[in-house]
Structures are given as structure tokens and as C-alpha cells.
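As C-alpha cells, the structure follows; a few thoughts come after it.
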Amino acid sequence: MERSERDQMLADGSLIAFLEIIKGINTDEDLLAYSDNEAIKKRFTSYKLRMGFGLHKGWAIEGAIGSTLKVDASYLSPHVNLSARLEAATKQYGVELLMSDDLVALLSPRLRCRCRKLDRVTVKGSNQPMVLFTYDIFGPPNADDEVSFEKTDDPKKLLAIYGHMLDPAPHDLQRYKELYESGVEAYIDGDWKVG
């Protein structure tokens, strides 16, 4: 297997894994029950469990940190720090998933077509601008289709299982995405009237 094909499979697999986590958070009956908990409703008027995730690609050093009683794995690199910054920025952008342009460039066309450009930023500690993306999940092609998540380590099978989440957006949504992205491009370029 060529490196580029391997990189694409790893990028696709990482995105699919986080989509599965997001789906689980938003559909797990035990987690959803917390939204109806009276004690939580009293304290928080509109409680919803929400987690954000940041995806980037790059190298990292893995190391064991801890004592003789407890050892944890830790990953260190500027790329890991960038993923953490992306995760923190999900709150600002109001999305569950933020991805760097470096990761999006590795995705297969089938996944990349569902990525929506949000912004171009320069993160602290870098002088190189980075484009931020999120992933739009429009659901299965038919509202009656059942969405199921299976466990498998085979990347090709993952693409078959999650096909409804990976297929190109319907025409009207595709048009929305084109209009949205032209507005984002105008915003990035400083063309405020168009943006």
C-alpha cells in the first residue's frame, strides 16, 4: 500500500471514528436522560451534553507519564497542541468537530465533499494561516433509513457501513454549501459587502 493511500485511509478512519463518537453522544438513551433530569433542569435552563473534537495531522512523541502506582500515555508535539486548540475552538464556532486543512487535504473525495470551510486563522505560536473546516452530517438519504454503527477495523468496510453519512449532499444542500463557502471566501478576503 502506498503512503498516500495509507494516509488517506488513516484520515478517513479518524474522521469516521469521531463521527461515531458524536453520534453516540447524541443518541445514547442514558446520556439523553440527563437532559430530562429535574435537578439539572433547575440549575441549567437549556442543558445539552456537548463535546467538541479537534482533528489535525502531524507527528507526535508518545511517552509514559506517572509513578509506580499509575502510568498514563501522553502525546507531545505542536500538532497535538494544535488539535487541543481546535477542540477548544469548537465552542466559539458552535460545532462539534473542527478540522485543519492539513487533515482535510488527506481525506478521500467522498468525505472531503462534506467538509465545510469555516474560517482562516493564524493560531498562537504560528505565523502560518490555517483553514478550519467542520463536517456536515445530513443524515441518511431517506428519513426512514435506520442508522446503525458496527464495529470493524477494516477501513473499506467502514466506508460501506457509513455510506449514508459520506455520500455527497443532496442538490439543495450542495447549493447551500456553495453559497455558504462563497460567503466565507469573501469574509476571508475582506470583501464585507459580499461576505
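Scoring LYS91 on the criteria (1) closer than 19 Å to ILE25 by Cβ; (2) touching a strand residue (DSSP E or B) at 6+ places or on another chain (Cβ under 7 Å); (3) not in a strand (DSSP E or B) leaves a single failure, condition (2). Scan the range 35-42 and give yes if some residue there is among the small types (Gly, Ala, Ser) and either in contact with a Gly (Cβ under 6 Å, 6 or more places away or on another chain) or assigned to a loop (DSSP other than H, G, I, E, B) (or both), otherwise no. No, the range 35-42 contains no residue that is among the small types (Gly, Ala, Ser) and either in contact with a Gly (Cβ under 6 Å, 6 or more places away or on another chain) or assigned to a loop (DSSP other than H, G, I, E, B) (or both). For the range 98-112, the count of residues that are touching a Phe, Trp or Tyr at 6+ places or on another chain (Cβ under 8 Å), open to solvent by less than 60 Å² (accessible area, probe 1.4 Å) and of a type in the set (Ser, Thr, Tyr) is at least one.
Listed by first and then second residue, the pairs with beta-carbon distance under 9 Å, at least 6 apart or on different chains, first residue in the range 78-97 and under 14 Å from PHE133 (Cβ atoms), second open to solvent by 50 Å² or more (accessible area, probe 1.4 Å) and aromatic (Phe, Trp, Tyr), are GLU96/PHE18; LEU97/PHE18.
Candidates LEU98, LEU132: the one that is touching a helix residue (DSSP H, G or I) at 6+ places or on another chain (Cβ under 7 Å) and modelled with pLDDT of 95 or more is LEU98. Give the residues of the range 1-47 that are more than 30 Å from TRP59 (Cβ to Cβ) and open to solvent by less than 40 Å² (accessible area, probe 1.4 Å), sorted by residue number. Within the range 1-47, SER35, ILE40 qualify. If only residues of the range 56-67 that are part of a loop (DSSP other than H, G, I, E, B) and not basic (Lys, Arg) are counted, the one that is least open to solvent (accessible area, probe 1.4 Å) is HIS56.
Among what's in the range 28-56 and is touching a residue at least 40 places away in the same chain (Cβ under 8 Å) and not basic (Lys, Arg), pick the residue that is farthest from VAL80 (Cα to Cα). The qualifying residue farthest from VAL80 (Cα to Cα) is MET51.
One line per residue, one yes/no per condition, for (1) open to solvent by less than 40 Å² (accessible area, probe 1.4 Å); (2) not in a helix (DSSP H, G or I):
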| position | (1), (2) |
| --- | --- |
| GLY54 | yes, yes |
| LEU69 | no, yes |
| ASP72 | no, yes |
| SER83 | yes, no |
| ARG116 | yes, yes |
| ARG120 | no, yes |
| VAL123 | yes, yes |
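The values are calculated or read from the model by the stated rules, or taken from the named source; none is laboratory data. No experiment lies behind these values; they were computed from the predicted model shown. Note: ideal-geometry Cβ built from the backbone for every residue, glycine included; neighbour counts use all protein chains shown. Heavy atoms of the whole protein, side chains included, go into the accessibility calculation; ligands, DNA and RNA do not. Shrake-Rupley method; radii C 1.70, N 1.55, O 1.52, S 1.80 Å.
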